[in-house]
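So the structure is just underneath, and the comments pick up after that.
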Amino acid sequence: KRKEGEPLKTELSNSELRVMHEIWNNPGTTSRDIANTLFLTVRWSPGTTYTLLGRIEQKGAAHKDPTTTRWYPLIQKESMQKEKLVKLADTLFDGSVFSMLSAFVNDKSLSKDEVNQLKELVDKLDKD
């Protein structure tokens with residue numbers, strides 16, 4: 001069994017990440033509740049969701065309490081996000097985080113609020 005903080009055995013698929021979002025957003029949720037939510041939101045059969053939950057557990061991303069069928073994350077959402085962003089920057093932007101962020105900013109799809117948040121983030125980096 002993988003301990004919290006250790007690297008995953010293999011990368012999670014997009015479908016597995018979708019299931020992980022349910023676990024991250026509702027730690028302690030049951031297998032049945034996850035299956036019901038994903039049936040309603042993405043129209044997955046319960047069997048599909050249960051298969052994905054099994055894969056997630058095998059990969060060490062989440063743990064199911066065997067007595068209650070409640071699921072708990074073993075990897076933090078923020079660390080997964082960072083890992084995925086670094087891989088994206090490496091794959092599509094030759095490792096340049098600046099180029100990746102520029103692609104988003106130059107797309108003009110950011111709201112004024114998001115632009116202000118980015119400015120605050122840059123200001124914080126300057127102070128550190």
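The values are calculated or read from the model by the stated rules, or taken from the named source; none is laboratory data. This is a predicted model, so every value here is computed, not measured. When we count neighbours, we look across all protein chains shown, and the Cβ atoms used for this are built from the backbone with ideal geometry, even at glycine. To get the accessible areas, we keep the full protein, side chains included, count just its heavy atoms, and leave off ligands, DNA and RNA. Shrake-Rupley method; radii C 1.70, N 1.55, O 1.52, S 1.80 Å.
Tabulated results
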read-out	value
T68 versus V115: modelled label distance in nm, points set 7 Å from Cα along the beta carbon direction	4.7 nm
³J(HN,Hα) computed for each position of region 35-41 - Karplus, 6.51 cos²θ - 1.76 cosθ + 1.60, integer Hz, glycine/proline x	4, 5, 4, 6, 5, 6, 8
Global size of the chain as Cα Rg and Dmax, reported in angstrom	17.8, 51
Förster radius 22 Å - calculated FRET efficiency between K77 and T51 (Cβ-Cβ, nearest 0.05)	0.50
Heavy-atom accessible area per residue - region 37-79, 1.4 Å, Å²	58 Å²
Pair V42, S99: separation of 7 Å Cα→Cβ label points (nm)	3.0 nm
Karplus-derived 3J(HN,Hα), 6.51/-1.76/1.60, for each residue of region 64-75, Hz, glycine and proline x	9, 5, x, 7, 10, 6, 8, 9, 9, x, 10, 10
